[in-house]
Amino acid sequence: MTYVHNPPDPNRHSESVQLPSPDVMLASARATYQAYCQIHVDAQSPTGVAMDRNTGRGQLIFSEHPILLPHECFISVEDMENDESSQPEDIELN
């Protein structure tokens, strides 16, 4: 099951792709994680969210050692649960 906060725009042309900023990626990852947690209260907790840098889509990761595609970055649960006022530059987008 995939939880998407920022679905891709089908009208967006590949020539004018604008990559999401780190703060947008973090906000999208948080929204994806929070949506899962609200629905699956007693389920296994994910370790983080793999974010697609091209589309802004998030995929929950449950593995301790995620395998990412070249255009993906991993945002851990710890990074998402940090104070909402934390700066996106402080978070390493692997």
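Below, the figures for the structure above:
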quantity	calculated
Of all accessible heavy-atom area on segment 33-80, the percent that carbon and sulfur account for (1.4 Å)	53
Distant-in-sequence amide H partners of residue 48 (H built 1.01 Å from N, under 5 Å)	61, 77
Radius, Kirkwood style, for segment 35-84 when every pair of distinct Cα atoms is counted (Å)	11.6
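The values are calculated or read from the model by the stated rules, or taken from the named source; none is laboratory data. In this text the structure is predicted, and so the values were computed from the model without any measurement. The area values use the complete protein model at the heavy-atom level, side chains included, leaving out ligands, DNA and RNA. Shrake-Rupley method; radii C 1.70, N 1.55, O 1.52, S 1.80 Å.
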